[in-house]
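Working notes, structure below.
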C-alpha cells in the first residue's frame, strides 16, 4: 500500500456531495461498500429514508471474543455562507493540507478506517475480526445511527473506535446529547387588541428566562466537566400586528456521566410549564470509558508511539454516533480517535493534515492487529 493511498481515498470520498441536509449518502455509501466487498468483507446496507444509506461490513469472527468496531459518518455539514477559497469537493492540496468539506469531519477518518481494514482483510479469518459501521445522517442529531441501533444489523462488538477528529489523540468519551423543541400555544387576536388574545411568544420568553438560570444540581465530572444548556432557536408569530398563537424554542443540553435524561426532562417540563408541548429529537447518554481499562491502556500505548507522548484522559467537546451504537454494544470500551482537526470541523476552507491521515491508518492497523492477535 503506497503512502498516497490514504490521501487518494480521502479525496475520492470528498468528491461525493453528502452535505446534510439533504444528506443523500447512498452513492458514497455504495462506493465504500463496493470497495469493502472487493476486499472480502460481508457488506450490508441500511436506509432510514430515501438515499440515506449506512454501511455495515464484517470480516473474521470467532465465538470466544466479539469483534472490534470502527465507525464513522459519511455526511457533512453545509458549506456555510462565507465563500471558500478552495473547491469544497475537489480535494485540493497545499503543502500538507488536504482541503474539502468533510476532510477533517470526517471523511479522512473514514478513509483511514477503510484502508486499515483493507490491509488486514486477508488475515482476519478465525480471529475475533472487525465490524465497520459507516453511518448516514450523523450531522444534526445522529439520526442514522439511531435508526441503525433499532435493527439487528450491528451484531456484537467488544470495543469501539470512533474516527471523529482528534488529531489522532485518543479521547475516552464525550458528553451526552439531549435536544428538544418546546412549543407554546396562545390565542390569536388583532395587534391593537392584545387583551382579546393570548401571546405565545410571552410564554416562550418566560420559559427561556427560566432555562437561562437552570441549575442542573450535579457535580462536574473530573474529566468531562459540567453539563451545559443552550437555547439555540426561537420562532413565533406571523405578523407584527397579530397576537402570536404559537411559538417554539429549540434547546441543546449536553450531559455528563451519571445523569438521568428522563429525570432531567421531568424537571425541565415542570420548569417551563406543563402546557408546553415537548418533542425530544436527540437522546444519547454521555460516553465514558475508565482510562485505566485494559484495552484503553493498549490504545494509549499504541497511539502514544505516534504522538510521541503518553496520552492522558481527555474527552471530546462534541457528540458522536457512539451514544446510539452503545445502546447495542452495551459496555464496550470506546475511544474517539481520528486524523481530523476538531477546530476545523464545520469551518470554511476545512482541511486535514495528510500526514495525520497516513498516521491514523497505521494506528488503526496496529489496533486491529492487537485486538485480533494477528501479525
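Any read-out appearing in this document is the output of simple, stated calculations on the displayed coordinates, not a laboratory observation. Keep in mind it's a predicted model, so treat the numbers as computed, not measured. Cβ coordinates were reconstructed from backbone atoms using ideal geometry, including for glycine residues, and neighbour counts include every protein chain displayed.
Per residue, the chain reaches -8500 deg cm²/dmol at 222 nm when only DSSP H runs of four or more residues are counted, each adding -39500 (n - 2.57). Using only the alpha-carbon atoms of the stretch 177-285 as identical scatterers, what base-10 log of I(q)/I(0) does the Debye formula give at q = 0.10 Å⁻¹? The calculated log intensity ratios at q = 0.10 Å⁻¹ are -0.33. Here the label points at residue 188 and residue 15, each 7 Å from Cα along the C-beta direction, are separated by 5.2 nm in the simple model.
Pairing the Cα long axis of helix 354-372 with the longest principal axis of the chain, what angle in degrees results, from 0 to 90 and rounded to the nearest 10? Approximately 70 degrees, to the nearest ten. Summary of the geometry: the stretch 253-292 and the stretch 356-375, compared by the centres of their Cα atoms, lie 36 Å apart.
Residues 166, 228, arranged from fewest to most other Cβ atoms within 10 angstrom of their Cβ, appear as 228, 166. Across the chain, Cα pairs under 8 Å and at least six residues apart give a relative contact order of 25 percent.
Evaluate the relative contact order of the stretch 176-284 (contact order divided by residue number), counting alpha-carbon pairs under 8 angstrom at least 6 apart; express in whole percent.
Numbers: 206 pairs, mean separation 49.2, N = 109.
Value for the stretch 176-284: 45 percent.
Compared with the dominant principal axis of the Cα atoms in the chain, helix 26-38 is inclined by about 20°. Which residues does the label zone of residue 64 cover in the stretch 134-166, counting backbone N under 19 Å from a point 7 Å along Cα→Cβ? Only 157-159 pass the distance filter.
Ordered by the number of other Cβ atoms lying within 10 Å of each residue's own Cβ, fewest first, 201, 363 fall into the sequence 201, 363. Between residue 215 and residue 153, the simple spin-label model (points 7 angstrom out along Cα→Cβ) gives 4.7 nm. If I fit a long axis through the Cα atoms of helix 294-307 and take the longest principal axis of the Cα atoms of the chain, what angle between them do I get, 0 to 90°, rounded to 10? Long axis of 294-307 versus the principal axis of the chain: about 80 degrees. Among 346, 261, 190, the largest mean-square fluctuation in a Gaussian network model of the chain, built with springs joining Cα atoms closer than 10 Å, belongs to 190. Listed peptides 69-77, 26-34 appear in the order 69-77, 26-34 once ranked by packing, highest mean of other Cβ atoms within 10 Å at the front. Of the residues 179, 314, 269, the one that moves most in a GNM of the chain with alpha-carbon contacts below 10 Å is 269.
Look at 233, 10 and count the other Cβ atoms within 10 Å of each Cβ; fewest to most, that gives 233, 10.
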